[in-house]
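Peer 1: Before anything else, here's the structure in question.
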Amino acid sequence: MKRSTPTMAIALIMAAGAAFGQTAKDLPVVRYDGQQVVRVTHKTGEELARALELTESIWSERVGRGPVDLQMSAENVALLRAEGIEVEVLVDDLQADVEREQAEIAARQAARARGGDAVEYDNYYPFDDHVTFINQLVNERPDLASVSSIGQTLQGRDIWTVNATGPGDASDRPQVAINSMIHAREWITPPATAYLMESLIRGYDSDPRVRNLMDTVDWYITPIFNADGYVYAWSTERYWRKNRRNNGGGSFGVDLNRNFDVDWGGNGASNDPNSDVYHGPAPASEPETQVMVAFLSGLDDLRAHVDTHSYSQLVLHSPGTFAQSVPNEAELAAVAQEMSDAILETNGAFYTPQRGLDLYEAAGTFADWTTSGLSTFGFTIEARPDAGAGLNGFSPPASLILPTAQEIYQSYLVMAEVRTQPLRFVIDSSYYDDFEADESRQIVFSVLDALNTGSDNNVKVFARQGDSGSYTELSASPIGNDMYSATLDAGACDTTVEFYLQAMTSTGTTVDFPINGASAPIVADVTSDVVAYTDNSETDPGWSVSGNASDGQWERGVPDFGDRGDPATDADGSGQCWLTDNVAGNSDVDGGETILTGPALDAPAGSRVGYRYWYNDTSGGEINNDSFRVQVSVDGGAFNTVRTVTTASGSWRADELLEGVDFAATSDLRLRFIADDNDPQNVIEAGVDAIEIIVPGDCSNDCIADVNGDGLLSPTDFTAWINAFNSNAPECDQNNDGACTPADFTAWINNYNTGC
Ligand code: 0X9
Ligand code: ZN
């Protein structure tokens, strides 16, 4: 491998002296004038060797097989071309690209709303902001998280590590360790761990899955492992990779991901201090490596670890070199597959699961060391963008930060579940969001063995109306594929339904979900919203299709499943939906817009529109050029765009429109769904289904004496009141004194006579 530091830059580094001011306004000092990033498609080993010889720095994951991304001077690119080697330019002028990125970061920073978090997912943030954000989160919930320095970097910076776990004694809980930013130029990685910390800490109260994982797992999260490198990449040299070791002779940096004591010095690591993959003078020679080794070795039950990198969209597992033998390789592969699936389901991005050595050999990596040295499950994730996206992979557009953080977060959760939970319960919150008062609701969930190998049994649901009293055991019916369904009664408006799931492992242990079942159940709100209109796409109430797209116009039907990112089924299970170009194979929109305009609908004041959509633009061309837009006209007048979706959904998504929008009752509410192909190269697929008009109910208008909630005042409400009294249910309280006493009987009679 070649040295990574452009020679002409050395003097400038010296001139920079100590680098201060980690803000986007200061340009990194090292310049990349005359440098390009190119993709070389080599046809022989000689061609690859020649390209590497002329390379300044290797950017790509895949050296050895297939095309490789290289940073190289324009002159050398010309040389390669002249020698007949196939070269595609990804970044024409790297210095201009660094300046573009820095200007964009500064502009977004300036435009940012005041009072936000120190780190958000709309921009790249320097070291200090990440440290501020960590402290902000920990200070918000000292009952759930703490931060400590596990030791110092070579230059004396703290390696901050957040410990997140639910309240109570965590000493018996297994541990999971996650880190990012081991390679200084991989700026999209700290947002992934920031998102994890934020979701665990801020989601604890509201998300039962998070609560379960916090109450059963002791999390250790190190967002910025190579702190010196990250600070240096912001201040001085944007595409720096290693730590900041002075190797002597003008050479700097040890690759921390070659410095661990696992096949140290083996294939894919270099003994040249100038190399980007320099393994250092000895195994764990670097303070950063030593700190991490000592810290993780001190954990008594480490179940899994992820080292988060970029780019190329991969989930890698051991072994990373042929010299290593890894007894649990098959299990590692199975977990990597689950992680990749979880990522795909989040936003439609595919991360290839594979063995590290099948990518290329790399000796002394962090994740191989956790796998072998600590006998745990270590993974290397390579974040977005995809190697084929034609982008500067270390400086992708900021629009990729949020989807990347979201999908990698899902893979962290799945990995933790597979490695720590005796059973995995999966329930989508859309099944229990907003129960409708006095109605019953079907919930669907799955119960999986750790790796979905064994069988589960005794699946039960326990539920109660309100937040006190005993739970009723409900039968959960198997509906195939490890899935179960149960029907829950909602009870009165403005109350809650509480429930938890239960199953028995193959070894006879009963497990509740969330873990503390009856004492910390899933809580669903009960509202009196009414669905006043539904269109499940089985008939056509008057939709029309227009637009200038040359192919791929909206059609109604049962999805004709292709392999280009369109849905396999409709959204609501009725069979049909609206889809762009409903054919197998080449089914996307081409050359413009296809517009689906709905019939005039009745909508009472204050109502909302619910619908489900599908959107994908995962292959071909530039990402984020195309869009799926939703427009509404409430009064027969102009259409306003109320949604613009540019991130692939990868699954049917539920959305609601007009929430909080003031409008008078209308009989002319119209919807419009536009799938827009701006980039002829790009495959764009869209779908729409399950349109609803939701009319908000007002719980205070509910008649309190209508105890059984059937909308009528009748003697059956008397029996219902007696039952409520006997079970101490919330409807018992007729005089609104917060208690259920015999005085409520007189109150019920009064309420009944008043007729509410
Ligand atoms: O080479 C690395 O350190 C990692 N890739 S990166 O481009 N982010 O530097 C991947 C190492 C994965 N392990 C193996 N390929 N064996
Ligand atoms: Zn890396």
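The values are calculated or read from the model by the stated rules, or taken from the named source; none is laboratory data. The structure presented is a predicted model; accordingly, all values stated were derived computationally and were not measured. Heads up, the Cβs are rebuilt from the backbone with ideal geometry, glycines too, and the neighbour counts pull from every protein chain shown. When the accessible area is computed, the model is the full protein with side chains, heavy atoms only, and any ligands, DNA or RNA have been set aside. Shrake-Rupley method; radii C 1.70, N 1.55, O 1.52, S 1.80 Å.
Peer 1: Give me the percent of accessible area attributable to carbon and sulfur for the stretch 408-496, probe 1.4 angstrom.
Peer 2: Values: 1500 of 3860 Å².
Carbon and sulfur together cover 39 percent of it.
Peer 1: Still on this structure: Once the cut-off is 26 Å, how many percent of the Cα-Cα pairs in the stretch 533-695 end up in the long-distance tail?
Peer 2: Details: 2928 of 13203 pairs.
Percentage above 26 Å: 22.
Peer 1: Taking the convex hull of the alpha carbon atoms in the stretch 136-207, what volume per residue do you get, in Å³? If you can, show how the numbers build up before the last one.
Peer 2: Values: hull volume 8.3 nm³, N = 72.
Here the figure is 115 Å³ per residue.
Peer 1: Same structure again: With all distinct Cα pairs included, what does the Kirkwood hydrodynamic radius of the stretch 424-518 come out to in Å, to one decimal, could you say?
Peer 2: The answer is 13.8 Å.
Peer 1: Check which residues have an amide H placed less than 5 Å from ARG245's amide H, if you skip close sequence neighbours.
Peer 2: Close amide H contacts, sequence-distant or interchain: GLY253, VAL254.
Peer 1: Also, quick follow-up: When the helix-only estimate is applied to the chain (DSSP H runs of n ≥ 4, each -39,500 (n - 2.57), divided by the residue count), what is the mean residue ellipticity at 222 nm, nearest 500 deg cm²/dmol? Walk me through the numbers before you get to the answer.
Peer 2: Values: 15 runs with 174 residues, N = 756.
Theoretical 222 nm ellipticity from helices: -7000 deg cm²/dmol.
Peer 1: Here's another thing I want to ask about it. Compute the accessible area per residue over the stretch 117-420, keeping the other protein chains in place, probe 1.4 Å, unit Å².
Peer 2: Value returned for the stretch 117-420: 28 Å² of accessible area per residue.
Peer 1: Now for a different question. Where does the stretch 567-613 land on Rg/Rh, using Cα atoms and the Kirkwood Rh? The partial results should precede the final answer.
Peer 2: Numbers: Rg = 14.3 Å, Rh = 13.7 Å.
That ratio equals 1.04.
Peer 1: Which whole-Hz ³J(HN,Hα) couplings does the stretch 354-360 yield from phi under the Karplus relation 6.51 cos²θ - 1.76 cosθ + 1.60, θ = phi - 60°, glycine and proline marked x?
Peer 2: 6, 6, x, 5, 6, 7, 6
Peer 1: Turning to a different aspect of this structure: Ignoring ligands and nucleic acids, what accessible area does ILE722 show with a 1.4 Å probe (Å², nearest 10)?
Peer 2: 60 Å²
Peer 1: Using only the alpha carbons of the stretch 117-420, what is the convex hull's orientation-averaged projected area in square nanometres?
Peer 2: On the way: hull surface 56.2 nm².
Reported value for the Cα convex hull: 14.1 nm².
Peer 1: Compute the relative contact order of the chain as a whole-number percentage, counting only Cα pairs closer than 8 Å that sit 6 or more residues apart in sequence. It would help to have the intermediate numbers written out before the result.
Peer 2: Values: 1813 pairs, mean separation 67.6, N = 756.
Contact order relative to length: 9 percent.
Peer 1: Which of the helices in the chain meet the span-like rule: DSSP H, Cα axial reach of 18 Å or more, Kyte-Doolittle mean at least -1.0? The partial results should precede the final answer.
Peer 2: Working: long enough: 94-111 (25 Å, -0.57); 127-140 (20 Å, -0.19); 189-202 (20 Å, 0.21); 329-347 (28 Å, 0.06); 401-420 (28 Å, 0.28).
Helices passing the filter in the chain: 94-111, 127-140, 189-202, 329-347, 401-420.
Peer 1: Quote the accessible area belonging to VAL89 in square angstrom, nearest 10, computed with a 1.4 Å probe and with ligands, DNA and RNA left uncounted.
Peer 2: Using a 1.4 Å probe on the heavy atoms, I get roughly 50 Å².
Peer 1: A further question follows. State to the nearest 20 debye the size of the charge dipole of the stretch 533-695 about its Cα centre, where the only charges are +1 on K and R beta carbons and -1 on D and E beta carbons.
Peer 2: Numbers: 9 positive and 30 negative charges, 78 e Å.
About 380 debye.
Peer 1: If one computes P(r) from the Cα atoms of the stretch 458-614, what percent of pairs lie at distances over 19 Å? Walk me through the intermediate numbers first.
Peer 2: On the way: 8502 of 12246 pairs.
That fraction is 69 percent.
Peer 1: Could you pull out every residue, at least 5 positions away or on a different chain, whose amide H is within less than 5 Å of the one on PHE513? Hs are placed 1.01 Å off N in the peptide plane, and Pro or chain starts have none.
Peer 2: For PHE513, whose amide H was placed from the backbone, the distant partners under 5 Å are LEU501, GLN502.
Peer 1: How far apart, in nm, are the 7 Å Cα→Cβ label points at SER550 and ALA739?
Peer 2: 7.8 nm
Peer 1: Related question: Near the amide H of ASP551, under 5 Å away, which other amide H atoms are found, from residues 5 or more places off or on another chain, if H is placed in the peptide plane?
Peer 2: Distant-sequence amide H within range of ASP551: ASP590.
Peer 1: Here is a follow-up. Enter the accessible area of GLU555 (Å², nearest 10), with the probe set to 1.4 Å and all protein chains included.
Peer 2: Spelled out: GLU555, probe radius 1.4 Å, area about 70 Å².
Peer 1: How large is the accessible surface per residue of the stretch 424-518, computed with a 1.4 Å probe and reported in Å² as a whole number? Kindly include the intermediate steps, with their values, before the conclusion.
Peer 2: Details: 4360 Å² over 95 residues.
Result: 46 Å² of accessible area for each residue.
Peer 1: What Kirkwood hydrodynamic radius do you get for the chain when you take the inverse of the mean 1/r over all pairs of distinct Cα atoms, in Å? Don't skip to the end; give the middle numbers.
Peer 2: Numbers: mean 1/r = 0.0349 Å⁻¹.
Final number for the Kirkwood radius of the chain is 28.7 Å.
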